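First comes the structure, then the notes that go with it.
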Amino acid sequence: MILNSLWRIQPYDVGQMRPLEVAAAGLDDRFWITAKVPGDVHSALIERGIIDNPYFGHNDAKSRWIEQKEWWYRTQFDYDKGTNPDERFELTFEGLDTFATIYVNGLEIGQTDNMLMAHTFDVTKVLRSGKNAIAVKFDPLYLHNRDKELFQWSSYTKERPWLRKAAMNFGWDWGPRMVTVGIWGNVRIERKRWAKLDSVFVRTLAADAKEATLRVDVDVKAYRREHSRECLVKLLNREGKLAASARIPVKGSHGTVDMNVTDPQLWWTHDLGEPYLYEVEVELYAGGALVDSYRTSFGIRMIELQLKDELGQNAFAFILNGVKLFAKGANWIPADHLIGAIPDARYRDLIDLSVESNMNMLRVWAGGIYEKDVFYEECDKRGVLVWQDFAFANALFPDFNRDFMTNVREEAVYNVKRLRNHASLALWCGNNEIDWLYDMKTSGGDITCPFYGEAIYHELLPEVLEAYDDSRAYWPSSPFGGNDANDPDVGDRHNWQVWHGSVYPRKFGEAPLLDYSIQGVTFKNYKNDFTLFSSEFGMHASANRYTLEKNIPDGQFYWGSVEMAYRNKDTNHQKGILLMEGFTGIPQNIEEYMNYSMLTQAEGLKYGIEHYRRNKHRTSGSLVWQLNDSWPGTSWSLIDYELLPKASFHYAKKFYHPLLLSLEHEPGQPLNVWVVNDRVEAFEGKVRLSVYDFAGAEVYSTAFDAKVPSNGAVQLGSVTEANALNGRSAEDVIVKLTAEGFEAPDNVYYLRDPKDLRMPAAALKTEVNEEEQTVTVEAVGSVARMVKLDLPQGNIRFSDNFFDLLPGERRTVKISHPEGEKVSLQALQVSALNVSL
């Protein structure tokens, strides 16, 4: 029975009411506020008009009072227990945020202190046939951490290390402080007889095209031990036909069996093949009677983390079914600050967009949550691998405290058991940046205490995984490895030289340095990075106009306003100015800020990722910081809060395409033409390099024979800059790469930065077809730089956007809504950097 219907909430001052009075089964709560479950207090108060939308203007500050109150949830329901004395009843909360006391029919059944896991209670003796009442009291957080030690380091707030709660609730450099409270997961009552399936673990031991071997472990909790117990396991293919089956005798509480599958369909990332999913069905029998069952989708695949290559050199590469993968993706933060109220459709939309931009991996970052089931289910279906951080980010944690460590162990065990059957799950990672930053902060004199928390990542979590998931790799931290945890020659790396100005190389014990200058923060530094795996890097860009205008008060939507600055939670806003100053020039108004910041982010990520991919013999992955936003701000995201992609998202369709044409060039240097192929098939054809002036006249053209090896990167040839320019100036031309004989998207380059180009004004011809939901754009007179289609509506899709057009070139863009609704094109605006609206 799912208890997600009518709940009510009510705040009290701490100590105002006796708990047993508010928890009483017969309390009259009809004057309380109605609320949705799953959800949270903020969302309920917004929906009822009690607080203003905290994402608008400075309204988040007006809702801070919520975190000071004691909040109660209540619901009533009818239930038929029946009369069977062998039945047990369990009440499960999939998410309680955070310090909760639970009452059923006025009786306290337990307390919780962890947002990041489910909590189950035996309610056999307190549940009634007929009317029942559940009450949940949530304490304000300060009651539980006000007397705790404040550690020397905890980024953004000192209060959170003792609290097992999403760290980003307390504010981060891309979002505001919004300390949520409430029932953020489903609530259910389950009826069991004699025994139940406590957990099922299915993994692939070996697999090739002819045969796969699966191992199935079951853990059973028996209420009555006089009954014999066994499990029937079935593997069903997509058509529902039996692919394999086995019986598991359960001795004590555990049973295991290996099953062989002939001619298996393997699970692949979407760029390498089909993410084929079987269905696993497990039935538990006690005394010959069916008493419990479990079903899950399951992908047959082998995944490993390669730390040494075939030559014995250091590596950091994911091997999927024997194929070395170049991980192309981004870091995932919670899809909204109000986590409990995120609809499943928002998860599906974001993962759809990830696939559309050719991403094959998402990293679930440590400062959020272990994501909801829908996230992993969609990644399974869509063929997207998941790098999963444990929830420890940028702080010291009290590993000296027994109660805290017990809580952490329970959290880890629960989430490992919950997620380990997902084909998409590729890696467990202990924390975000803690090992790296601890060394830098001790070396810089900011920290003089022991490494509190070290035992979690280097002892407790490996122990949990050894016991509960031996099927995938564990990595202690990100970044990690080498002489400095951010060493490019060992493990993974976070490149924050770009944007944050971190000075590298650096070794353990050296005080960290920052270089806030144009040269210190420029994305041109990416070419100096020959990392094995770049798991975090990026730069800011504005959100889209609609997202900003919707959430900024009247009269404040201008460059330099206080409200615009409030959208940016990063320290030292000068970093973004320096990046633009060195590339596009400093913006003078809001339109230029939106365009210049988006162009800088898009071209910067293109510059870095194409470099990483050209070096794929060494570098095996790039995960951009960050995919999405949790509120309508300006940040590193590729997709803003209203699910509107930025320019960088549309660039990613090319720079993450499995077949990439790229030009490696610096001013005055040769134009080196490359092809990168992430597919297992080889390709053959030609690649044409064409140079045009801004009026569209061809200046130079040549073609290179292209033999593109399987899963390789090759330089096809080069042209001197003087030959390519053919007497023209580098400030006056555009270069285009085109594949002939194989399918790869065209790629466009300029030989100088935008601020140095002598690009004349262009005009645009636009044809709008409301019926077909298309827009056709043609450039007139000159190259049109970064053509932008804009509609004042959230979560709409453009088949292409933020593109360049040669004079006379036409492009038709399809506009759609993910729900299939027709999109009004009446307010469409089409512009370009060198075209006025």
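None of the figures in this text is laboratory data; all of them are computed from the coordinates on show. Here the structure is a predicted model, which means the values were calculated and not measured. Cβ coordinates were reconstructed from backbone atoms using ideal geometry, including for glycine residues, and neighbour counts include every protein chain displayed.
Key figures
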read-out	value
Length added when fully stretched, residue 311-residue 466, from 0.36 nm per residue minus Cα-Cα	52.9 nm
Radius, Kirkwood style, for the range 303-656 when every pair of distinct Cα atoms is counted (Å)	20.9 Å
Descending principal axes extents, the range 763-831, alpha-carbon based, whole Å	37, 20, 18
Under Karplus coefficients 6.51, -1.76 and 1.60, residue-wise ³J(HN,Hα) of the range 215-227 in Hz, glycine/proline x	10, 10, 10, 10, 10, 10, 9, 9, 8, 10, 8, 6, 8
Rounded if a/c under 1.5, otherwise prolate or oblate - the range 1-66, Cα gyration tensor axes	oblate
Correct option for semi-axes √(5λ) of the Cα gyration tensor in Å [calculated from the coordinates] among [x] 48, 32, 26; [y] 40, 33, 29; [z] 59, 40, 27	[x]
Cα-Cα over 25 Å, subset of 221/241; 550/646; 372/441; 707/814; 328/441	221/241; 372/441; 707/814; 328/441
Peptide ranges 405-415, 701-711 listed from the most packed, as the mean C-beta count within 10 angstrom indicates	405-415, 701-711
Sparsely packed GluC sites (Glu not before Pro) within the range 259-331, loop by DSSP, other Cβ within 10 Å at most 16	310
Cα centroid separation, the range 303-373 to the range 223-295 (Å)	27 Å
Percentage relative contact order, the chain, counting C-alpha pairs under 8 Å, at least six apart	9 percent
Residue (of 495, 335, 547) at the positive-pole extreme of the chain, dipole from beta-carbon charges	335
Prolate/oblate/rounded call for the range 286-403, Cα gyration tensor, a/c under 1.5 rounded	rounded
Sorted peptide list for 215-227, 152-164, criterion being average Cβ within 10 angstrom, highest first	152-164, 215-227
Between the range 399-467 and the range 184-216, the alpha-carbon center distance in angstrom	25 Å
Gain on full stretching of the segment that runs from residue 588 to residue 449 - 0.36 nm per residue minus C-alpha separation	45.4 nm
Cβ charges +1 (Lys, Arg) and -1 (Asp, Glu), total dipole of the range 637-706, debye	120 debye
Cβ-defined net charge surrounding residue 223, 14 Å radius [Lys, Arg +1; Asp, Glu -1]	+2
Within the chain, helix-based [θ] at 222 nm, where runs of 4 or more DSSP H residues each add -39,500 (n - 2.57), nearest 500	-5000 deg cm²/dmol
Relative contact order (percent, whole number), the range 141-231, Cα cutoff 8 Å, 6+ residue spacing	17 percent
Unit charges on C-beta of K, R, D, E only; dipole of the chain, Debye	1100 debye
Where trypsin sites (Lys or Arg not before Pro) fall in DSSP loop in the range 474-531, at most 13 other Cβ within 10 Å	507
Highest to lowest packing among 253-260, 630-637, scored as the average C-beta count within 10 Å	630-637, 253-260
Positive-end extreme of charge dipole, the range 763-831 - chosen from 799, 826, 783 (charges on Cβ)	783
Separation of the residue 262 and residue 701 label points, Cα + 7 Å toward Cβ, nm	5.7 nm
Cα-centred dipole magnitude for the range 194-298, charges only on beta-carbon of K, R (+1) and D, E (-1), debye, nearest 20	480 debye
FRET efficiency for residue 352 and residue 21, using Cβ-Cβ distance with R0 set to 45 Å, rounded to 0.05	0.40
